Amino acid sequence: MAEFRRPGTTALDAASALWQGRAMGMLHDLHRSRGPAAAFAAMGLFWGSFAALVPAIKPQVGLSDGAFGLALLVAASGAVMAMWLAPLAERLLGQRAMAICTALMALAFLLPGWMGGGLTFALAMTLASASSGTLDVVMNARVSALEATEKRSLMNLNHGMFSVAYACAAIAAGLGREAGMPPGAVLGLMSAIALMLTLFILRCPVPAPEEDSDETAHAYLPWALLLPGGAIILIAFLSEQATEGWSALHLERNLGAGAAQGALGPAILGITMAAGRLSGQLVAQRLSEARVIFWAALVAATGALLAAHAPTLSLAYAGFAILGAGVSVLAPMAFAWIGRMVPARHRTKAISRVSVVGYAGFFIGPPLMGFLSEGFGLQASFSAIALGLLIVPALLIPALHRRSQNA
């Protein structure tokens, strides 16, 4: 018996040491990127709570599904415009850009929860989305600068912090609704937390991103690579944000969920996305980006279909969990694939262009869901998300693979 116990004990000890080493490495990475991680968490607080508050905000502002989607589309336009101007804002604000943008976002998100009409809600969401979009560009640029300095991958970890904060905020907002708190009070509480995080961000030194040289700024970009890669990211963010904004409403409207039960939809999505992003780097060490994206898109599409047509709450929750696990790695892997295929002198500008294309999907998702829901219902809306995800393995991965061979 002793002869068989020792090998097992040795393997167990080795596995324990391995996981302890990985945990310590992740904690070290989190410490080194604590400033951007706090900004990612602040953004997750707002979008997580907003997702859980949609069933309360929508009747408060008196909008139909289609009109609510139109209001979010107006807000999306402001966000995309702000992302184009974000590099200018960062140059003007300097080292404190990330903290200032976090504070502006915290103040902007005080407004949507108190609006009582469609027009004022659209304007309030435009300010909130624009501030969020600006911060998104700034904090991703700072993470990229840290990655160059530390020679380590930090993007998955920081995006994972967004997902963790998103899930916690969705649960807290759902419990707040259950207790009778108005949406404005819930978002005000999140603003207070975000302003405290702003003080923390101010104390965390983060190197500014390197400016492009004249040669790089005017470098030729291989758009044959960027367009399919950007389309993958667009579909990933569209699926993610559409589910964040409309999953609670789907659960409450079609499956009879209460406020806290409805909030579990976006919360489960956030939890599984956090787990997927934190483990994404380990998967990428063993499989190519193309293979990971292929299977992840199929998994996410399966989850979207299950969530759309589930006859019970438990199956719908399972669908959102599967969707979150699959969609979580699509964008990071696409960024990595593009970054590896383009020449080094083109990489910064290429990733920035792909980011703008991709993040458009992050903001277009909710209004698209609203228009589809108005005409065909939320089940059809989530089915459309599944079909969009199937475009990734069917068309975009083969196209990107062909372009990479010819590049």
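A few comments on the model shown:
- Once the Cβ-Cβ distance of residue 107 and residue 380 is raised to the sixth power relative to R0 = 30 Å, the FRET efficiency obtained is 0.20.
- Solvent-accessible surface ranking, highest first, for 161, 81, 333 at 1.4 angstrom: 81, 161, 333
- Cα gyration tensor, segment 94-188 - rounded (a/c under 1.5), prolate or oblate: oblate
- The stretch between residue 119 and residue 152 holds 7.3 nm of extra length on full extension. This uses 0.36 nm per residue minus the Cα-Cα distance.
- Local electrostatic count, residue 35, Cβ distance below 9 Å [Lys/Arg +1, Asp/Glu -1]: +3
- Taking segment 237-325 and dividing mean pair separation by its residue count, relative contact order in percent (alpha carbons under 8 Å, at least six apart): 32
- Fully extending the segment from residue 401 to residue 318 would add 26.7 nm, taking 0.36 nm per residue of separation and subtracting the current Cα-Cα distance.
- Förster radius 30 Å - calculated FRET efficiency between residue 30 and residue 88, Cβ distance, rounded to 0.05: 0.50
- Size descriptor, Kirkwood hydrodynamic radius, that averages inverse alpha-carbon separations across segment 38-102, Å: 13.9
- Extension gain, residue 179 to residue 394, is 72.8 nm, computed as 0.36 nm per intervening residue step minus the present C-alpha separation.
- Solvent exposure ordering (accessible area, 1.4 Å, most first) of 289, 178: 178, 289
The values are calculated or read from the model by the stated rules, or taken from the named source; none is laboratory data. The structure displayed is predicted, hence computed values, not measured ones. Using ideal geometry, Cβ is built from the backbone for each residue, glycine included, and neighbour counts are taken over all protein chains shown. Protein only, heavy atoms only, side chains kept; ligands, DNA and RNA dropped before computing areas. Shrake-Rupley method; radii C 1.70, N 1.55, O 1.52, S 1.80 Å.
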